[in-house]
Structure formats: structure tokens, C-alpha cells
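What follows is one structure encoded as C-alpha cells, with my remarks underneath.
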């Protein structure tokens, strides 16, 4: 069972530090390959409050001492200490300084152009955002298209402000520049890579839920 931790006690992120990251890494690849489709994280891990299982797994798998992180969490929170001690990353003060960002209040997140979008020589240097949401079943469905999406793929994370979607559509014109986003909810992970286009076109009878992918 996934549990929170008391950071005063010695702890590991993954219960099994050798095999633990393997399933989350496969889940991350699967999520990127199928935008908008939830993928389940099965590894057991220990993490502080304010994070969810999927966010913690992504951080433990992808962050290291060469990936500065920005977060909207308080600097004196147990989570920030955990990022530094368990992920080995530095925590920076401005979104523009970060290679990754962990956002726990999506309705108040900074504009996308506050983050690194890469440059023509190194588009891969753009930031990756990890955005925690409460549910993946908002009534405001978005329709995804682009590589890896099925016809009429629906995506509806709760609590994402309308400006985010407007900014995302504006980012499409900058491709191959732009941020990539992971949305997390409990132990589920869904990706929105910069190759994905988003629209509001919803046709009668299209509404459906995306089933989580098991790995």
C-alpha cells in the first residue's frame, strides 16, 4: 500500500530501488506514445503529502542532479526536502530556470511561456510540466489529435483553466518548440506531448471515457 512518509526517518522513494523505477519508466513511455490515455503506476513507493503516487513516480524516475525543478509548493515543505534528498535535484525559484515543474494548483499555474520552450538548436531543452489534478473526468472534454492519438480521443482533466488550453493552441504554432505536460491523478498518468493538437469540437454521441492502460 502506498503511504506518506515522516521525513525525519530514513526512507527510500521506491520500495524496491532496483526494480521499482522500471514499471513507471514503461508507463511514462506508454503515456507519451498515447496522448490523453491514462496509464496506471503499479510500483510501490513512499512520498510526502501534497504529492500523489503518479507525480512521485515520475519525479523519482526522471529527475536527477542535472534536472532543476520548479514547484508551487512551499520551500519549507517536506516535499521540497524530498525532491532534494530522494530525487537529487535542485529546486529553483523561477519557472524559467527549470527543466521540470511540479504543479499542485493547476487553476493558478503560471502561463506556459513562463517555462523553457527550447530553441531551434535544442528543442529537447524545453521544460516538462507535471500537473496534479483531482480527476480525469471533467465535463469540459477536449478532443486530441496528432501522433499516437486515436480518432476522437477525449481528454478532460479537472481544474485546468481555459487560458491553459488557449496557450496550448498558441504553442502549436511554435513546434518543434514548446513544453510537454504530464497530468497525474492518484496512481494514473496521462501525457500531453507538444506534438498533440487540442480542440473543443465535440460531436453528438462522441463522449466517452478513456480506460486506463495497464502495464
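Numbers for the structure displayed
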item: For the chain, built as a Gaussian network whose Cα springs stay under 10 Å, the top-fluctuating residue of 178, 146, 36; result: 146
item: Added length on full extension, which subtracts the Cα-Cα distance from 0.36 nm per residue, residue 165 to residue 138; result: 8.3 nm
item: Protection proxy ranking of 180-191, 109-120 - average other beta-carbon atoms within 10 Å, highest first; result: 180-191, 109-120
item: Percentage relative contact order, the chain, counting C-alpha pairs under 8 Å, at least six apart; result: 24 percent
item: Rounded to 10°, Cα long-axis angle of helix 162-171 versus longest principal axis of the chain; result: 80 degrees
item: 10 Å-binned pair-distance histogram of the chain (Cα, whole percent); result: 8, 35, 37, 16, 3, 0
item: Cα gyration tensor category, rounded, prolate or oblate, for the range 80-195 with a/c compared to 1.5; result: oblate
item: Per-residue Cβ neighbour rank within 10 angstrom, fewest leading, 78, 85, 151; result: 151, 85, 78
item: Estimated FRET transfer efficiency (residue 22, residue 90; beta-carbon r; R0 25 Å; 0.05); result: 0.45
item: Angle in degrees between helix 53-62 and the longest Cα principal axis of the chain, rounded to the nearest 10; result: 80 degrees
item: Fraction of beta bridges assigned by DSSP in the chain that are antiparallel (%, nearest 5); result: 45 percent
item: Computed lengthening from residue 29 to residue 81, 0.36 nm per intervening residue step minus Cα-Cα distance; result: 16.0 nm
item: Relative contact order of the range 63-125, pairs being alpha-carbon contacts under 8 Å that are 6 or more residues apart, as %; result: 34 percent
item: Highest-first arrangement of 41-49, 163-171, 192-200, 55-63, where packing means the average Cβ count within 10 Å; result: 55-63, 41-49, 192-200, 163-171
item: Peptides 88-96, 23-31 ordered by average Cβ neighbours within 10 Å, highest first; result: 23-31, 88-96
item: Relative counts (whole %) of C-alpha pair distances in the range 10-129, using bins that are 5 Å wide; result: 2, 11, 20, 22, 23, 15, 6, 1, 0
item: Full-extension gain in nm, residue 42 to residue 108, via 0.36 nm per residue minus C-alpha separation; result: 20.8 nm
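Throughout, read-outs are computed from the coordinates displayed, never taken from laboratory work. Please read all numbers here as calculations on a predicted model, not as lab measurements. Virtual Cβ from ideal backbone geometry, glycine too; neighbours counted across all protein chains shown.
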